2 protein chains.
Amino acid sequence: MPVHHWAEALEDLVHGLVELDFPWVTGQNLVPGGKQLRVHGDPSLSVRCPVYPTGTASIPENDTVKSQAATRLLSWAEPTDGGSMARTSTRASGRATIAHVAAEAGVSRATVSRVMNGLSTVDPAIGERVRAAAAKLSYSPSTVARSLAIGRTQTVAIVVPDLANPMFQETLRGLSRAAAREGYRVLVADSVENPAEEVILAREARRRCDGLVLVAPRMDGAQLEELLPDLAPVVLVNRTTGIPGVPVLAVDYASGIRAMVAHLAQLGHRRIAYVAGPSASAGDRARREGLAHPLPEAAGAEVVVIPCGAMFEDGHSVREEVLRSGVTAAVCFNDVVAMGLLGALHEAGVAVPEQLSVTGFDDIAFARYTSPALTTASVPQTRLGEQAWDRLFALLDGQAPPPDVDINPRLEPRASSGPAPALPSRAFPDAPHRTRHT
Amino acid sequence: MPVHHWAEALEDLVHGLVELDFPWVTGQNLVPGGKQLRVHGDPSLSVRCPVYPTGTASIPENDTVKSQAATRLLSWAEPTDGGSMARTSTRASGRATIAHVAAEAGVSRATVSRVMNGLSTVDPAIGERVRAAAAKLSYSPSTVARSLAIGRTQTVAIVVPDLANPMFQETLRGLSRAAAREGYRVLVADSVENPAEEVILAREARRRCDGLVLVAPRMDGAQLEELLPDLAPVVLVNRTTGIPGVPVLAVDYASGIRAMVAHLAQLGHRRIAYVAGPSASAGDRARREGLAHPLPEAAGAEVVVIPCGAMFEDGHSVREEVLRSGVTAAVCFNDVVAMGLLGALHEAGVAVPEQLSVTGFDDIAFARYTSPALTTASVPQTRLGEQAWDRLFALLDGQAPPPDVDINPRLEPRASSGPAPALPSRAFPDAPHRTRHT
DNA sequence: TTGTACGCGTTATCAA
DNA sequence: TTGATAACGCGTACAA
């Protein structure tokens with residue numbers, strides 16, 4: 001009979017029948033809390049006697065207890081709750097631990113661990129008993145304890161500058177779904193476009209996880225290089241860096257914007273606006289550099305830069321400035337800005353692309369469904385998230401990551417870009433508004 | 001001199017100068033790994049001597065070592081790497097732990113913990129020493145170990161059916177930003193519209209976190225009720241349940257869709273299409289119920305249901321069916337579907353709202369910027385995420401959560417809905433397409 | 001104020 | 001095969 005009910009065990013103990021020789025109760029099956037076994041005359045010798053949910057008790061097998069065996073037992077100190085049930089716990093959690101399952105099944109914790117993880121071979125009968133015990137107590141292992149023990153969290157983090165931006169959402173989605181296939185989860189950290197916060201956030205997020213995907217287009221370069229070594233394993237998206245061992249997924253914004261301008265030039269546009277992004281953004285810098293070195297096909301086309309931003313509102317608010325500038329086409333920083341501008345033009349009755357061509361960048365899912373459908377440069381954002389995962393996983397797995405990729409945005413000509421009008425749009429400052437019904 | 005270089009300590013040991021009385025080295029400052037201190041003639045007495053990154057050594061202060069003091073020392077067993085540096089570790093991690101910092105600063109781990117957490121009062125000089133040591137070793141506490149010790153992860157999870165849907169993205173964003181303000185992070189789990197996966201995913205995600213926000217519009221009701229108790233603390237979004245203690249954030253889709261139909265009826269529409277969502281969706285059921293009990297203002301308007309879906313493509317593909325149905329207005333399941341339909345109508349040259357009014361639902365950020373701007377029913381999705389956090393945090397904090405909310409979508413009349421045409425759109429099956437330039 | 005010792009719930013190593 | 005025990009890294013009563 002390997003397991004005693006605690007009352008039996010106490011009885012045995014009191015009557016000196018077993019002399020604290022319990023091969024079936026070992027130190028490792030202890031449960032937090034439990035009852036107090038007190039020794040008459042010497043309170044310092046009292047010892048906690050853990051009691052399992054099943055009602056079986058564990059008597060610590062050590063010298064203190066053995067010395068108690070030579071003494072008379074006084075009483076069980078009843079727990080304050082009355083102790084009608086044998087179930088006790090100092091923590092409020094109430095969740096079953098591996099120790100509970102071990103006690104219930106009458107085996108060691110190690111065996112429970114083996115059964116749960118199905119690693120080593122276990123006696124089928126024992127395995128069944130353990131599984132039954134686990135089911136009965138509805139046990140599920142603590143991921144935290146597991147992570148501490150094995151040194152992995154099975155979680156990666158992604159730091160994005162703005163969760164409201166569809167582009168980063170797509171990256172997150174690609175990462176999340178790819179990581180899920182490998183049993184990893186994703187923690188998101190949204191820096192809310194605050195580069196200062198970003199550094200702290202990245203450090204903090206990294207500490208909770210096994211790896212990090214960093215999307216930080218606004219972060220200062222020097223700061224980034226200082227930060228990256230502490231973040232490894234880390235994958236950098238939309239930025240380049242000189243730090244070795246950091247896979248980089250770069251988008252060639254320069255060539256993308258060049259192709260866009262060339263596209264418009266070939267449609268006859270000679271004066272084109274670049275509706276710029278946030279000045280601190282690495283992506284904006286890259287686009288400007290691209291504009292500084294146009295393709296041969298774009299020869300003769302002049303580009304005027306109009307400062308703007310990255311959001312809907314920015315694009316929406318820049319309409320008048322674009323119209324005043326006397327351009328026949330507006331190349332926007334991204335699709336979101338382009339959509340804002342498109343909306344504003346629609347409200348003003350400016351026909352796109354008849355009077356003004358408008359293009360975006362990124363090819364977010366919505367770009368295909370604007371009216372007119374938005375000409376843009378396609379950046380496979382979801383794929384970017386997947387590729388980030390491929391590299392991060394390789395790093396986590398001790399493999400060499402796939403080579404860095406330099407994504408070349410693909411031009412997506414749609415309905416929002418058309419032949420340049422004979423006269424630029426400023427010739428129609430008072431063009432009749434289309435009827436609106438509200 | 002409280003700290004010895006390990007070579008010094010060894011020397012002292014060999015020469016019997018210190019007799020293993022190192023008050024500055026205690027058992028608790030051990031570092032994993034380290035060198036082997038061997039006792040001549042009795043290998044069983046050998047003991048591991050941890051060595052700190054700083055080059056100081058720790059000699060375990062126990063009986064085994066004391067007995068060794070009575071013996072001659074033979075040698076340091078050199079680690080296989082040659083051991084030129086004193087830095088050793090069995091784990092590859094290389095990250096500094098609290099023990100390293102304690103050794104470096106010459107204090108106990110408890111003191112380091114106190115300094116790092118700024119809880120108890122510490123001697124300013126010691127505090128400074130600890131901070132310097134931490135900075136030198138670029139120490140940052142292990143969140144995992146911390147979580148295990150305090151029983152909290154400072155992380156919550158959100159399970160969403162589809163990360164590609166802007167609505168859930170907004171909820172995630174609201175949750176993430178609100179949680180961040182309280183120092184919590186968010187783990188995302190994307191069930192990829194798979195209700196079966198959802199149950200497992202929710203359980204799994206919950207185990208890693210302190211709480212859960214569940215957005216599961218497609219999950220079977222019975223299954224949900226069985227699942228919820230295991231998930232507590234949990235907040236349910238967009239669903240109702242009878243389980244007590246589970247805060248619910250419900251959106252009153254029924255009244256929202258009623259208001260929408262009434263809006264169109266007042267614009268003179270007499271035959272209206274409901275472009276339906278996924279049939280398994282609780283949100284679609286609610287909308288249909290709303291349609292079954294129209295408002296008085298909508299009297300005389302007939303609603304035909306056209307099965308569709310929840311995505312762009314669904315809306316895009318349903319154009320012909322809508323046109324054939326002879327309606328003058330299409331009430332779409334959500335904004336995404338409406339945008340798909342809007343794009344398809346634009347391609348076909350059908351004027352919105354002159355020939356056909358189109359409305360959406362949710363008021364995603366893009367709805368304001370479609371052309372024409374989309375009439376929709378506004379569901380404050382970001383706010384929903386924030387409210388979910390308020391309730392989850394209250395639960396985590398042991399407070400009573402704020403009362404359940406029943407969000408009433410607010411009608412947002414924009415340009416995509418207008419007076420009913422004299423003739424329904426099917427009268428213009430071959431309406432001239434607007435010129436497109438590509 | 002500082003240090004000791006133990007608990008948190010696992011996994012992993014080794015001996016039986 | 002199974003069990004005992006030491007990590008894993010940190011927080012925290014309690015003692016000094």
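Shielding by partners for peptide B:364-376, expressed as the average number of C-beta atoms from other protein chains within 10 Å of each residue's C-beta, is 6.
Which trypsin sites (Lys or Arg not before Pro) does region B:121-173 hold that lie in a coil by DSSP with at most 16 other beta carbons within 10 Å?
Details: sites: B:Arg129, B:Arg131, B:Lys136, B:Arg146, B:Arg152, B:Arg173; in loops: B:Arg152.
Those satisfying the criteria are B:Arg152.
Just to be sure I understand: if you take the accessible area of chain A alone plus chain B alone and subtract the pair, with a 1.4 Å probe, what total do you get in Å², rounded to 100? That pair hides around 5400 Å² of surface in total. Taking the 1.4 Å solvent-accessible surface of region B:155-247 as the whole, the part contributed by carbon and sulfur is 49%.
Around the amide H of B:Arg414, modelled in the peptide plane, lie the amide H atoms of B:Thr375, B:Thr376, all under 5 Å away and 5 or more residues distant in sequence or on another chain.
Based on Cβ point charges of +1 for Lys and Arg and -1 for Asp and Glu, what charge dipole magnitude is obtained for region A:269-372 about its Cα centre, in debye rounded to the nearest 20?
Values: 8 positive and 13 negative charges, 43 e Å.
Here the size comes out at about 200 debye.
Residues whose amide H comes within less than 5 Å of that of B:Glu302, counting only those at least five positions distant or on another chain, are B:Arg271, B:Ile272 (H built at 1.01 Å from N in the peptide plane).
In the assembly of identical copies, B:Ile200 has its label point, taken 7 Å from Cα in the direction of the beta carbon, separated from the corresponding points by 4.0 nm (ascending, one decimal).
How far apart, in nm, are the 7 Å Cα→Cβ label points at A:Ala348 and B:Ala394? According to this spin-label approximation, the distance is 4.8 nm.
The values are calculated or read from the model by the stated rules, or taken from the named source; none is laboratory data. The structure displayed is predicted, hence computed values, not measured ones. Glycine gets a Cβ as well: all are built from the backbone with ideal geometry, and neighbour counts include every protein chain shown. These accessible areas exclude ligands, DNA and RNA; they are computed on the full protein's heavy atoms, side chains included. Shrake-Rupley method; radii C 1.70, N 1.55, O 1.52, S 1.80 Å.
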